[in-house]
Every structure is written in C-alpha cells, then in structure tokens.
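The values are calculated or read from the model by the stated rules, or taken from the named source; none is laboratory data. Treat the numbers as computed from the prediction; the structure is a model and nothing was measured. Cβ: placed from backbone, ideal geometry, glycine included. Neighbour counts: every protein chain shown. Accessible surface is based on the protein model in full, side chains and every heavy atom, while ligands, DNA and RNA are left aside. Shrake-Rupley method; radii C 1.70, N 1.55, O 1.52, S 1.80 Å.
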Amino acid sequence: MSDAGIASAAVRASFSFIFRLLRDLAPFLALLTAACEQPTAELQPPQPMRFAGSEACRECHLPQYQLWQPSHHALAMQEATADTVLGDFSDVDFTYFGTTSRFFTRDGAFMVRTDNAAGELEEFEISYTFGVTPLQQYLIERPDGRLQALSIVWDSRAAAIGGQRWYHLYGDEFIGHDDPLHWTGREQNWNYMCAECHSTDLQKNYQPATDTFNSTWSEINVGCEACHGPGSRHIERARSGSPKSGLAVDLDDRGRSSWQMNPQTGIAVRSELLMRPLRQPEACGRCHARRSLASGDYEYGKPLDDTHTPSLLEPLLYFADGQILEEVYVYGSFLQSRMYQAGVSCSDCHDPHSARLRTQGAPSEVCRTCHLPQKFEAAEHHRHPESVQCVDCHMPARTYMGVDDRRDHSFRIPRPDLSITTGVPNACNQCHEARDARWAAAAIDEWYGDQRSEHFAEAIHAGRNAQPSANDRLGAVIGNDAFPGIVRATAMTLLQRPYSAPVFETIRRNLSNPDSLVRRAALGALAQAAPQQVVPLAVNLLRDPVRSVRIEAARVVSPLQAGLRPAYLAAFREANQERIAAQLAIAERPEAQLNLGNAYLEAGDYQAAEAALLRALTIEPLAAPARVNLADLYARSGRIGEAQALLRDGIEMQGESAVLHHALGLLMVRDGRQDAALAELERAARLQPDESRFVYVYAIALNSLGQGDQAIREMQDARQRFPGNFDIHFALATLLRDSGDVQQAREVAAELSRMYPQVDAVQNLLDSL
C-alpha cells in the first residue's frame, strides 16, 4: 500500500473509532442534552408524550405528508377494501401441491377457500392487505386474536414482466398444514413476525394464560410517529409558538453540513466533522435489520442495540464476506460499508418521506451526488459498456419472496478471488453466468493489477469451518480497527476453544471496545473460558450503557451466580431482570420459554424452570432443546424415569433426531445402563455425522467400555472430517498414548500444537509423550 493509502486508512480507522465511541455514548449524551434543554423554572415533570396520528402532522408538514401518502410505509398495512386489494378475487383458483384454493368475494368481503390448520378446506375472510409491490400479502384474523399471513400472495408487478398472478411464497417446496411455515402456523403470525414494523405504536398484548392476543395500534400503517416518535408534545409546542421541537428523537443527521466534492479523489466529503452518532440508521434499523427484541418497550432515540439485539454476520444470514444471503433488511450490510464509516446516512440517498431514491431515476443516478461521474462512469473505471450501472457491480441483488429483488447495501468491490477461496458469490459472475470465478478474477487482475486490499472473508470462512489455525486469522481481523465493528464482532464469536493466552487477551481487551457489538461478542467468547476467568471480567459489563450488552453479561454470569460477591449482586439482578423481560416480551415463542427455563434453572428455581420448559413443548412439541433441558432437570431432581419417558416421547415423534438420541444415551450412562447408552450414542453419531460433539462422546464411551481400538478408529475418522477440532485431536492423542502407540500420539499432539500454539494443555500433553 502507498504512503497515501496508509495515511488514508489511518484516518478512516481513527474516524471509525471516534464514530463508534460517539455511538455508544449516545445514551449519556442524550441525557446530558435533555438536562441542558430544561429551563430552570420548569420544575413540573413534562406530560407523557402521546401518539397523535399522521393527520395531525399534515397541518404544518403538508409537503412531507403528501410525499408519504403513496409510499410503501403509508401502504404497509390497510383494511381490505375494493380500493386496497390488488389481487384477483373473481372466483379464481390456485393449486399448490394438490390443494386448490379459491379467491372470491361475498357481500363486499374478500374471501379465500383454502386449507386450514387441520389440512381441510375452509372459507376465510381477508381482513387486511399487507404491502403493495412487488407483491401483496393478505392477513386473516383468527378468533384468538392472531392475524395470519396467507402464503398464497399476489404478484402485483406488470403482466408484461410476469406479474398479475397468484403464486405461493415457497414455490416448489411443499409446506403442509402441520409445518410451522404453513399460513396457519407460528412462523406466519403477524403479531410476532410483522406487526412492529408494519404499524405504528403496536401493542402486542399477548396473554400467556389464554394464549391469545389483543393487539392494538395507533395507526394501522407506518405513520410519521413510527419514526419520529409520539408527537403530542411537538404539536403542543408548535401551536403555542415554542421554539423547542418537543420530538422524541432528532433524525437530522445532516445538520449544517453538506457533501462537498473532492476533485482529486472524485468522492464527496462532509463539510463538517460528524460530531454525534448517526441517528437514522439506528431508527431505520428497528425494522430494516435482522434482530431480536432486547426490550418489550421501544424507546425512541436509543441505539438499536439498546432496544434490540442486531444479528451479526451469521452463516444462515450472510456469506463469509458479508454479502447478503437471507433477508437481512439492509442494516447489517450498511454497517459494513465505507459509506457508513464516512458518515453517510439513510436520507442522503433515500427521501425519508416517500422512501424513494432522491434522484427518482436509475438507481445509479443517486451515486453521482457523491461520486464524480467523470471519474467513476468512465470506461477506465468500470471497463464495461456504457449500459452498466454502479449498482450492478457494487450493490448486487438477491431475490426474496419469489419476486422481490433487494440490493446489498454494503457497497462492496467485486472480489471473484474470494469466490475461489471461500465459495462466496460475486457480482461479476452474477452477470457473466457462463464464466467462472477464475475467469473473473483474471480479468480484474488484468485491469487493475493483482494487489488487493485486505479482506476478512477468509478468516470468517476459516472460523465457520473450524479450520486449523483459524484463531490466528480471526485474531488479526479482531485487531484490525479498519474493519467494521459488525465484522470484528462476528470474528470474535468464531474463536475456537481452548484459548491461548494471546487469544484470551484479545477477548479481555475487547470487553471495553467502543463498539457495543464487539463488547457483546467478547462476552459470548468469554463465556467459553474457565469459570474463574469469566466472572471477574463479565461483571464489569452488567452496568454497560447498552441494554443488549447488559443482557449478554447477565447470561454469561448467570450459571455462576451462586459464587458472586455481594458487591455485584444488585447489578446482576437488574441486568438479569432485563434479560428475563426481553424473553417475556416474546412469551408466545418456544425459544423464549426455553431461554426462560434456562434462566430459572441457573437460579435454582426448578419449579419455574419446569413450567417454562413445559410451556415451550406445549407451543412446539418438536422443540428438541427444550425437551433435552427438561429431561436434564428431571434427572437432576432424581426423576430418571420421567426424563427417559420424555426423551422417548420425542424420539417417537421425530425418530431421526440425533439430539434426542444423544441426550437419551447420556441419561442412560447416568443410570448405569452402559450398553443401551452406547447404542443411543452411536445412533446420534450416525444420524448427524457433521456434529463433532456426537462422534467425540461416542468414541469416549467406546473406550470406557473397553473397546479402545474401535474408539481410536472413530477418532481417526473424525480427525479427517474435523481437521481443526481441538477435542478430537486431544482425545485421539490421549487414546493412542494409552494404547501404547506413543509415536503416533506424538504426531497428533504436535499437529495440535501447531493449530493451537501457546495452549498449556497441549504443551502438557506433549511433555507426557
């Protein structure tokens, strides 16, 4: 890299550090600002802010209101009427895997005759429309207050491009009436899956005792206050002539600054340094992110990871290089981008009220506002015909829900070389489908040279696949401040146990990282360390300014709470209560009940734990983790027979569940039934050969029953399938040593030492050989 490039990288890293620090100090800065704004004479506490409705905003903000009216936000959800329903309900049929559904009207109501939760045909009235384009879904209200999203949807695109038709969201995949993805099932429930982001001031109002909902909203759609917060105080102050805004959150990320073109680089820069964290990505991220709830009560103006827990670059959501894989709704991609690090906010490209691109033309036209066309639209830059668009290379799209193309907002440079080494897709081959990644990489080498910037993809790929020496690669990513926080946090979650001293130091140091995503991930990594190392460090984050970090700290400390010093008990109890409240906010979900059961179990409250785990199984009888944990609870309580019966019931329902066979095998070991236990453990290892833990436990069981040779064969096979797995290599070396094959044991231990340098247990093993 040139000196200029190094200097530029250093500036970016410094700015990124300041930006993350400001972002995490936002809760403190907001409190300070609020305190400074209060006049000394105002001693009475302000009245609670109320939702006034978008019509009230129209009085003073007519242009913005008119832009909003035809937007996707305004049309996010509507009552089903002749004016809002786009689908063809003129007695038309649609057949999906042998089931024919009919769409028709009756007495002005829109109806569908389709399969119900029992697989039988039944007539249902459409209550609401959901969205408008490129598809429209339909909601059916059930007697228990649930609104369910029909999986047969209307393609609202023009007929000339394949639209104006009914189609099933899962296409060629059969989703039967007993599948959670069926329209009557848990995963198509509006109250949990959709409501927070398609309506304003949504109150879910779930009643656990009756398993019913009484959900309400202040506006059926995404109104002004969904983003700006309740507006009553703002309206009162505006009508009284007060100069103060009174809004719950200030979303003006531009302020007095402007974007000014740098003619040398061809890239615009802010005229003023960003002096506070960007607010818009945090507000938009509430709905435009993959995340879980950290609180049942949304607080406007808080960072996203204070009210929610944003997902990191997880294998089911993102490719190893951070490209979108599943529907991730922009936020996690945007955090990876240079745009975000430079202070670009959502409204720099999108009009916040119409939700359209500001230029309203071809997508690439908005790029011209900050990227000099003479430089970046020249053939010397893109090396393509003039018809190529910036977004084709830098924002490749994937199609979701059958017809909905969504662009990746990480604004990345195409890297076909990473396709070769990690299997990720690349924009070049997305257009040049007849060519392979090697051809594309060679073309880029010819055009721009073979020197490429450092990337995190290979480290993430190594960590996901538990490759030898993955920790070294991951450590380099974690320590590189030029990489976005979401990337370094992801790398932290992939660190392999056991930790060497340098790896543990990396974890310890990042517990105080300015980026809350990194702190949260460091806590997760810390949880895998020795108990005596965990508590002294984790307790310091029980009072972190960001709620999702406090919740993670409570989760990490919870199994060790019995040994907490009195000085930390209050902080733990407060954070743990937030942890429990986050799960109670989604109490209708089996995973929430599982998490509650674990929390109660760790506190020694077996009765509450049993109730929560039984509730999880009532919601989802096939929830294997809840069944396993409940069986463990029974076993701890001396109820071995009930534990075995519980696991056998699960196996009867899903006989191919390796988790249940494994748990039953361990339970039989505890009960002294060694031969029967071995059979169950073997069954688990054969059913799920890609799970290293199952084959490891099976081999150890073989050895304990005197079948050492077979145990060694199993471990040797596993060594080939899991080349970076510490436990398998360590156990194999030990088994070989005990069998008298010291030479081969030494070879395995030496290999392990190369993969996990500076780990005391490995050195001790080598010394024993």
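Points to keep in mind about this one:
- Helices (runs of 4 or more DSSP H) wholly inside region 276-366 that include at least 2 residues being of a type outside the set (A, V, I, L, M, F, W, C) and more than 19 Å from the chain's Cα centre (by Cα): 338-342, 346-349
- Of all residues in region 305-316 being touching a Gly at 6+ places or on another chain (Cβ under 8 Å) and open to solvent by 10 Å² or more (accessible area, probe 1.4 Å), the one that is farthest from Leu474 (Cα to Cα): Ser311
Matching residues to (1) free of Cβ contacts under 8 Å to residues at least 12 places away in the same chain; (2) over 16 Å from Met49 (Cα atoms); (3) not aliphatic (A, V, I, L, M); (4) not in a loop (DSSP other than H, G, I, E, B):
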| site | (1), (2), (3), (4) |
| --- | --- |
| Trp183 | no, yes, yes, no |
| Val222 | no, yes, no, no |
| Pro230 | no, no, yes, no |
| Ala238 | no, no, no, yes |
| Thr265 | yes, yes, yes, no |
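- The number of residues in region 727-750 being open to solvent by 50 Å² or more (accessible area, probe 1.4 Å) and assigned to a helix (DSSP H, G or I) comes to 10.
- Ala525 vs. criteria under 24 Å from the mean Cα position of the chain (by Cα), over 16 Å from Arg488 (Cα atoms) and free of Cβ contacts under 8 Å to residues at least 60 places away in the same chain: no
- Hey, Phe572 assigned to a helix (DSSP H, G or I), among the aromatic types (Phe, Trp, Tyr) and either at pLDDT below 95 or open to solvent by less than 20 Å² (accessible area, probe 1.4 Å) (or both) or not: yes
- Flag if Val759 is of a type outside the set (D, E, K, R), at pLDDT below 95, surrounded by 19 or more Cβ atoms within 10 Å (Cβ to Cβ) and within 34 Å of the chain's Cα centre (by Cα): yes
- Which numbered condition Ser71 misses (of (1) in contact (Cβ under 8 Å) with a residue 24 or more places away in the chain; (2) closer than 28 Å to Ile175 by Cα; (3) out of contact with any His (no Cβ under 6 Å at 6 or more places or on another chain); (4) not acidic (Asp, Glu)): (2)
- Criterion (assigned to a helix (DSSP H, G or I), out of contact with any Lys or Arg (no Cβ under 6 Å at 6 or more places or on another chain), touching a residue at least 12 places away in the same chain (Cβ under 8 Å) and open to solvent by less than 40 Å² (accessible area, probe 1.4 Å)) met by exactly one of Leu560, Leu517: Leu517
- Checking Glu458 against (1) part of a helix (DSSP H, G or I); (2) charged (D, E, K, R); (3) over 25 Å from the mean Cα position of the chain (by Cα), the condition it does not meet: (3)
- 2 or more residues surrounded by fewer than 12 Cβ atoms within 10 Å (Cβ to Cβ) and either modelled with pLDDT of 50 or more or not aliphatic (A, V, I, L, M) (or both): qualifying strands (runs of 3 or more DSSP E) within region 5-117: 92-96
- Of residues in region 461-482 being closer than 22 Å to Ile413 by Cβ and open to solvent by less than 60 Å² (accessible area, probe 1.4 Å), the one nearest to the chain's Cα centre (by Cα): His461
- The set of residues from region 383-407 being of a type in the set (A, V, I, L, M) and crowded, with 18+ Cβ neighbours inside 10 Å comprises Val391, Met395, Val403.
- The single condition among (1) of a type in the set (Val, Ile, Thr); (2) over 23 Å from Arg693 (Cβ atoms); (3) in contact with a helix residue (DSSP H, G or I) (Cβ under 8 Å, 6 or more places away or on another chain) that Thr618 does not satisfy is (3).
- Failed item in (1) open to solvent by less than 50 Å² (accessible area, probe 1.4 Å); (2) touching a residue at least 60 places away in the same chain (Cβ under 8 Å), with Pro723 passing the rest: (1)
- Region 575-587 - residue that is touching a residue at least 60 places away in the same chain (Cβ under 8 Å) and either out of contact with any helix residue (DSSP H, G or I) (no Cβ under 6 Å at 6 or more places or on another chain) or within 22 Å of Arg186 (Cα to Cα) (or both) and, of those, surrounded by the most Cβ atoms within 10 Å (Cβ to Cβ): Ala582
- Checked against the criterion of being free of Cβ contacts under 8 Å to residues at least 12 places away in the same chain, among the small types (Gly, Ala, Ser) and closer than 23 Å to Met401 by Cβ, the candidates Ala160, Ala117, Ala149 yield just one match: Ala160.
- Search result, residues across region 694-709 that are buried (at least 16 other Cβ atoms within 10 Å of the Cβ), within 17 Å of Arg670 (Cβ to Cβ) and either touching an Asp or Glu at 6+ places or on another chain (Cβ under 7 Å) or not hydrophobic (A, V, I, L, M, F, W, C) (or both): Tyr698
- Note on region 528-554: residues that are in a helix (DSSP H, G or I), of a type in the set (A, V, I, L, M) and touching a residue at least 60 places away in the same chain (Cβ under 8 Å) total 2.
- Filter result (buried (at least 16 other Cβ atoms within 10 Å of the Cβ) and of a type in the set (S, T, N, Q)) within region 358-382: Ser364
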